[in-house]
């Protein structure tokens, strides 16, 4: 009887995580679905490439603005409420994108979707710690982040295919239906969480943020997040231009980018699983950073397409699991009650890093014929991240019996 009860509880936890992972993946899909359609959109709406770039840039900018607030909502009302708020925003504004009279409605739709994103993604740590024992939390976090990477892959590879087959408006309609469906699935599957810190006075709410900002180890993790997510976004954003001087076409660069994400999907399951079994995060974080340091330069300077595919896959396998490990490390450092706000700070730092590093790489490249100086720049950022990870003092993971 007890075994049956455990099985049902175990399956319920994984089903909630899966429903979250799908919704998180859709948030990434809605963010990046216009990235491969820039030429089409400039012609369709008679706007410039700079105008189209706002469809992508609004996401990290709004994430920075709302990340802390979403974390407070998660900690004080609950992750289920926060995720549903994000899902509703995405559902409503993905429908706004269907209004085809002007580019403004497309941008308004993206802004609304971007508002919903932090209320979903920042909930992952609270959801995982509420549903899984300590010795499975990094694995569960890794699986939760896999949905995000799959969403990216679908956006970059699937959107042009759907537009070719069904047309632009029908593609947007399909994405809106998927968003509504995923939100409804989480509504019915995602039960209220047991760990909720009830809302207190404004003074108490602000004092929580100040306490987190005084935590030197948390600040260290936030800087590592700034550097790591900055490097990842800078690399993926400019990969096509970086490898172009070495004879790699746009189509080949897109496939290499896809191989990086596929490798990351596999790595985000396997590496956190080993981390859980060992009961350590820091050694695996160091592995992801050092491995990436060795692989990024060959990726950016190799003209052999087959070799690029191999390097891209291995780099993704090693580098992308760092995201799940950082999330788990953050929760273990600060505890369950403020994990939502701490996660919000971590992802706010990461998105700020993305905005700054992407711009810095373009500035450093300047009028040069290659991006080598920009590649050296992100390698220096990773070296700093490696040094800071060595300085981090990891908490001992206490294995509990919660199922």
Answer with yes or no whether residue 325 is farther than 25 Å from residue 259 by Cα, assigned to a helix (DSSP H, G or I) and at pLDDT 90 or above.
no
Any idea how many residues of region 259-279 are free of Cβ contacts under 8 Å to residues at least 40 places away in the same chain and crowded, with 24+ Cβ neighbours inside 10 Å?
0
So, in region 240-258, exactly how many residues are assigned to a helix (DSSP H, G or I), buried (at least 19 other Cβ atoms within 10 Å of the Cβ) and either without any contact (Cβ under 8 Å) to a residue 60 or more places away in the chain or more than 18 Å from the chain's Cα centre (by Cα) (or both)?
4
Meets criteria (free of Cβ contacts under 8 Å to residues at least 24 places away in the same chain and touching a helix residue (DSSP H, G or I) at 6+ places or on another chain (Cβ under 8 Å)) for residue 323:
no
Hey, any hits in region 4-16 for a residue that's at pLDDT 85 or above and not in a helix (DSSP H, G or I)?
no
If a residue has to be modelled with pLDDT of 95 or more, surrounded by 19 or more Cβ atoms within 10 Å (Cβ to Cβ) and farther than 14 Å from residue 55 by Cβ to count, how many in region 89-118 make the cut?
5
Can you say whether residue 317 is within 28 Å of residue 217 (Cα to Cα), over 21 Å from the mean Cα position of the chain (by Cα), touching a residue at least 12 places away in the same chain (Cβ under 8 Å) and in a helix (DSSP H, G or I), as far as the supplied structure shows?
no
Do you know which of the residues in region 276-292 that are at pLDDT below 90 and not in a loop (DSSP other than H, G, I, E, B) is nearest to the chain's Cα centre (by Cα)?
276
If we scan region 186-202, do we find a residue that is at pLDDT 90 or above and under 21 Å from the mean Cα position of the chain (by Cα)?
yes
Exactly one of 279, 264, 303, 258 is out of contact with any strand residue (DSSP E or B) (no Cβ under 7 Å at 6 or more places or on another chain) and on the phi > 0 side of the Ramachandran plot, and that residue is 279
Of the conditions (1) touching a residue at least 24 places away in the same chain (Cβ under 8 Å); (2) over 18 Å from the mean Cα position of the chain (by Cα), residue 50 satisfies every one except a single condition; which number is it?
(1)
Condition broken by residue 24, with the remaining ones in (1) more than 17 Å from the chain's Cα centre (by Cα); (2) buried (at least 22 other Cβ atoms within 10 Å of the Cβ) satisfied:
(1)
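The values are calculated or read from the model by the stated rules, or taken from the named source; none is laboratory data. Computed from a predicted structure; not experimentally measured. Because the Cβ atoms are built from the backbone with ideal geometry, glycine has one as well, and the counts that use them run over all protein chains shown.
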